[in-house]
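Asks: Provided herewith is a single structure, encoded as structure tokens, for subsequent inquiry.
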Amino acid sequence: MVHAMSHTLLSAAQLFSFYLLTSLLTCIILCRLLEVRSRLYELMTHCIPPDVIMRVMLIAFHFITYCYLLDCLQFLFN
């Protein structure tokens, strides 16, 4: 009986920890999205065309993804 109760308490603690972590990550992601949105608006107010902004963002995304992939492959094969 005691063992089952401690297991339940552990599960509740894990569930609560998971809830806190997801809440924190959601907050961080939303804050970052608002920051990115603000910067995008700033670029557009300086008459930089949206297609140029998106093209540069796409190139940067591919570059970052490629570098990350190379790091992962290097880690796996070293």
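Read-outs: derived from the displayed coordinates by stated rules, not from any lab. All values reported here derive from a predicted model rather than from experimental measurement.
Asks: Enter the angle in degrees (range 0 to 90, nearest 10) between the Cα long axis of helix 50-77 and the first principal axis of the Cα atoms of the chain, meaning the one along which they spread out most.
Replies: For helix 50-77, the angle is close to 50 degrees.
Asks: Now for a separate question. If I compute Cα extents along the principal axes in Å from the structure I just sent, which labelled value in [x] 68, 40, 12; [y] 41, 34, 18; [z] 50, 35, 19 lines up?
Replies: The value matching this structure is [x].
Asks: Using only helices, what value at 222 nm comes out for the chain when you add -39,500 (n - 2.57) per DSSP H run of length 4 or more and divide by the total residues, to the nearest 500 deg cm²/dmol?
Replies: The helix contribution divided over the chain gives -34000 deg cm²/dmol.
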